[in-house]
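Right, one structure below, let's go through it.
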Amino acid sequence: MPTAPAGTLYRGREGMWSWVAHRVTGVSIFFFLLVHVLDTSLVRVSPEAYNAVIGTYQTPIMGLGEAGLVAAIVFHAFNGLRIALVDFWSEGARYQRVMLWVVLGLLVVTMAGFLPRHLMNVFGAE
Amino acid sequence: MTAVLENSTDTSGSESQAGAVSSFQVTLKIRRYNPEVASEPYWEEHTVTAHGTDRVLDALHKIKWELDGSLTFRRSCAHGVCGSDAMRINGRNRLACKTLLKDINPDKPITVEAIKGLPVLKDLVVDMEPFFASYREIMPFLITSGNEPSRENIQSQADRDRFDDTTKCILCAACTSSCPVFWTDGQYFGPAAIVNAHRFIFDSRDQGGTQRLEVLNDKEGVWRCRTTFNCTEACPRGIEVTKAIQEVKRAMITRAF
Ligand code: SF4
Ligand code: FES
């Protein structure tokens with residue numbers, strides 16, 4: 001805990017941390033898209049260069065990164081719907097916490113469907 | 001009052017008598033700041049004896065009155081009415097006079113800091129002027145036009161209930177200074193100003209709704225709100241602050257058409 005000049009971290013609750021997570025996932029998705037647009041546009045430069053770059057992605061580390069990316073997108077998407085409900089549904093503000101647990105539940109379910117297949121592709125032989 | 005209780009414990013001769021108030025030691029870790037002495041804030045700890053019925057404010061009083069008279073904080077009513085003593089206790093904004101020590105785990109040192117986002121003047125005292133400036137901007141008074149009324153301005157119960165929640169504000173700034181948007185952008189009107197605008201916008205007797213919505217339609221107005229709900233959690237009056245802000249946002253959209 002820092003003594004000076006910064007004080008303690010504000011102990012916000014679910015609402016604050018979901019906002020932080022929404023920001024963090026949003027920014028990471030943005031940077032992914034930036035890189036993604038760049039590497040995809042390589043195909044117009046030369047197919048060989050494209051293949052070379054895409055080839056460097058076929059590593060376990062990148063595979064885990066992809067899993068993280070999918071988790072970030074899924075969270076950002078579901079939480080975005082939660083925020084829209086908080087904005088436009090008159091009872092949304094009252095149920096924001098419940099809705100966050102629903103978002104996290106849906107995230108777990110989606111990842112449970114996606115991860116086994118994905119990890120088999122990344123680590124499994126063929 | 002304490003003296004009477006202590007006497008009754010003495011005469012009964014047993015600590016565990018019903019009605020006896022047990023005492024315990026509590027440490028307060030206070031963030032001190034005095035620009036006349038040092039340019040940096042620092043943490044200071046004091047341990048005092050407290051009772052189960054004591055609030056954080058009582059512990060602060062004990063420190064100020066018995067240990068260190070230089071400790072500076074605001075309080076007036078000491079009963080949750082005036083809104084003077086909002087401070088950050090164990091990392092969350094609360095009123096020191098409404099927070100019982102026993103409710104916030106007195107076994108560990110309790111941290112006490114000034115509220116965030118407003119300039120600290122000394123110890124726990126902040127400059128509230130930016131906060132009140134935003135409050136004044138939303139015109140917190142009844143606006144009507146036409147002839148001076150000759151009889152009461154009657155309102156139905158349902159119309160009164162529409163804005164009941166936001167009439168409870170005591171302008172303590174716990175909400176505004178819990179808002180991450182306000183910390184980084186001091187120009188943002190902040191939850192308290194919007195709560196008090198809500199109190200008039202949804203009052204059927206008021207005719208200044210359009211003007212108030214115009215003020216809050218600013219770049220630094222309601223649209224800055226990111227619904228982190230820190231304000232709602234912090235409000236010592238239990239006002240559903242974020243809900244009120246969302247209602248103002250929606251009024252801005254629906255009344256525009
Ligand atoms: S809305 Fe609640 S937290 Fe905000 S100033 Fe009013 S009483 Fe204090
Ligand atoms: S001292 Fe008045 S509200 Fe706490």
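Nothing in this text is a laboratory measurement; each read-out follows from the coordinates by a stated rule. Quick caveat: nothing in here was measured; it's all calculated off a predicted structure. Using ideal geometry, Cβ is built from the backbone for each residue, glycine included, and neighbour counts are taken over all protein chains shown.
Structure summary
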{"quantity": "Positions within region B:58-90 being assigned to a helix (DSSP H, G or I) and either more than 16 Å from B:D123 (Cβ to Cβ) or in contact with a helix residue (DSSP H, G or I) (Cβ under 7 Å, 6 or more places away or on another chain) (or both), in sequence order", "calculated": "B:D58, B:A59, B:L60, B:E66"}
{"quantity": "Those helices (runs of 4 or more DSSP H) lying entirely in region B:192-257 with at least 3 residues more than 10 Å from chain A (Cβ to nearest Cβ)", "calculated": "B:209-216, B:241-254"}
{"quantity": "Flag if B:K116 is touching a strand residue (DSSP E or B) at 6+ places or on another chain (Cβ under 8 Å), within 16 Å of ligand 1 (Cβ to nearest atom) and within 13 Å of chain A (Cβ to nearest Cβ)", "calculated": "yes"}
{"quantity": "Selected residue (criterion: farthest from B:G117 (Cα to Cα)) from residues of region A:7-60 that are more than 9 Å from chain B (Cβ to nearest Cβ) and not in a helix (DSSP H, G or I)", "calculated": "A:S46"}
{"quantity": "Checklist (1) away from ligand 2 (no atom under 15 Å from the Cβ); (2) in contact with a strand residue (DSSP E or B) (Cβ under 7 Å, 6 or more places away or on another chain); (3) more than 14 Å from chain A (Cβ to nearest Cβ) applied to B:R74, failing item", "calculated": "(1)"}
{"quantity": "Any hit, region A:104-125, residues being touching a Leu at 6+ places or on another chain (Cβ under 9 Å) and in contact (Cβ under 8 Å) with a residue 40 or more places away in the chain", "calculated": "yes"}
{"quantity": "Residue within region B:66-73 that is over 24 Å from B:P41 (Cβ atoms) and away from ligand 1 (no atom under 16 Å from the Cβ) present", "calculated": "no"}
{"quantity": "Residue list for region B:77-103, filter: within 14 Å of chain A (Cβ to nearest Cβ) and surrounded by fewer than 16 Cβ atoms within 10 Å (Cβ to Cβ)", "calculated": "B:G91"}
{"quantity": "Count of residues meeting criterion [within 16 Å of the chain's Cα centre (by Cα) and either crowded, with 24+ Cβ neighbours inside 10 Å or among the hydrophobic types (A, V, I, L, M, F, W, C) (or both)] in region B:161-182", "calculated": "13"}
